[in-house]
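**Q** Dropping the structure in here first, questions after.
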Amino acid sequence: STPDMDADAIGGTVNLKSRSAFNLKGRRISYSLGGITGMERDRPHPSGTFSYSNVHDVLGGRQNLGISFTAGWRQHLVAIDGATLNYNTAQGFMLSLNYRDQAITRTRYGGGVKVDYKLSDDASVFLNLTAAPHRENSHTRTVILQGNQTVGTTGNASIAPGFTNTLTELRPVAGTTIQLQDAFSHRMATSYTSQFGGAVRKWGYELDYDLT
């Protein structure tokens, strides 16, 4: 908790420090590959991660430059199906049926690079850059089947006799309409971050600072 927060409030701050190449020994490379699927009709969507870190000698120093790089990719499908049924409650036949089938493909990917440099044995600075795009493609198909409230076998009566509370037959007349809708949308959002900071560690105290 910090002084700017209310005395009776539940809250606090979390100081997240990204890993430095100095925290690891030697060169390290790791990766993962996989696929994500959640439906019978869905093909596996790719996913994967990659990371690299190493420490180098530069400008006459010893193990004073650390470089770490991370990247990731994840894609999955979200399917939403829905139906709306409207009834004539007095007579019990269905007035309209609205069926909607929506498929959303979401793709998240991004990466970051962090460079650490030791100014001395007890002081260092770093630069951390990240980018995280998010893409979403949505495809929605809608079918609306609707009739008028007339029951019969002649004229523009769209409701055929013999209906039940689970089955309504619509006659192919002017009073019966079928509406087809096909909509596609694309959304793209990307967040970028850049952070510069450092640390000074002396006997008896430690100073951390950063600008984001």
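**Q** Name every residue in the range 86-143 that is open to solvent by less than 30 Å² (accessible area, probe 1.4 Å), closer than 29 Å to residue 159 by Cβ and hydroxyl-bearing (Ser, Thr, Tyr), in order of residue number.
**A** 96, 140, 142, listed by residue number.
**Q** Here's something else I'd like to know. Cβ-Cβ under 9 Å, sequence separation 6+ or interchain: first residue in the range 171-197 and open to solvent by 90 Å² or more (accessible area, probe 1.4 Å), partner in a loop (DSSP other than H, G, I, E, B). Which pairs?
**A** Filtered contacts from the range 171-197: 172/158; 196/212.
**Q** Consider residue 201 carefully, then state whether it is open to solvent by 80 Å² or more (accessible area, probe 1.4 Å), assigned to a strand (DSSP E or B) and over 30 Å from residue 53 (Cα atoms).
**A** Numbers: open to solvent by 80 Å² or more (accessible area, probe 1.4 Å): yes; assigned to a strand (DSSP E or B): yes; over 30 Å from residue 53 (Cα atoms): no.
Considered against the rule, which asks whether it is open to solvent by 80 Å² or more (accessible area, probe 1.4 Å), assigned to a strand (DSSP E or B) and over 30 Å from residue 53 (Cα atoms), residue 201 comes out as no.
**Q** Report yes if residue 177 is over 30 Å from residue 120 (Cα atoms) and out of contact with any strand residue (DSSP E or B) (no Cβ under 8 Å at 6 or more places or on another chain), otherwise no. Spell out how you get there, then give the answer.
**A** Working: over 30 Å from residue 120 (Cα atoms): yes; out of contact with any strand residue (DSSP E or B) (no Cβ under 8 Å at 6 or more places or on another chain): no.
So residue 177 fails the test.
**Q** Now for a separate question. Provide a single number: the residues in the range 113-164 that are among the aromatic types (Phe, Trp, Tyr) and in contact with a strand residue (DSSP E or B) (Cβ under 7 Å, 6 or more places away or on another chain).
**A** At the first step, the residues of the range 113-164 found to be among the aromatic types (Phe, Trp, Tyr) are 117, 126, 163.
When the remaining residues are screened for being in contact with a strand residue (DSSP E or B) (Cβ under 7 Å, 6 or more places away or on another chain), the result is 117, 126.
Residues that pass the stated criteria total 2.
**Q** Now a separate question. If only one of 168, 153 is outside any strand (DSSP E or B), of a type outside the set (Asp, Glu) and in contact (Cβ under 8 Å) with a residue 40 or more places away in the chain, which one is it? Outline the logic, then answer.
**A** Values: 153 fails: in contact (Cβ under 8 Å) with a residue 40 or more places away in the chain.
Just one listed residue meets the conditions, 168.
**Q** Select from the range 28-55 the residues that are surrounded by 10 or more Cβ atoms within 10 Å (Cβ to Cβ) and either touching an Asp or Glu at 6+ places or on another chain (Cβ under 7 Å) or at pLDDT below 90 (or both) and list them in ascending order. Before the answer, list the steps.
**A** Initially, the range 28-55 is screened for residues surrounded by 10 or more Cβ atoms within 10 Å (Cβ to Cβ), giving 28-39, 42, 44-55.
35, 36, 37, 38, 39, 42, 44, 45, 46 - these are the residues of the range 28-55 that are surrounded by 10 or more Cβ atoms within 10 Å (Cβ to Cβ) and either touching an Asp or Glu at 6+ places or on another chain (Cβ under 7 Å) or at pLDDT below 90 (or both).
The values are calculated or read from the model by the stated rules, or taken from the named source; none is laboratory data. Predicted model, so just to flag it, every value in this text is computed and none were measured. For neighbour counting, all protein chains shown are included, and Cβ atoms are generated from backbone atoms with ideal geometry for every residue, glycine included. Remember, those area values only see protein heavy atoms, side chains included, never the ligands or the DNA or RNA. Shrake-Rupley method; radii C 1.70, N 1.55, O 1.52, S 1.80 Å.
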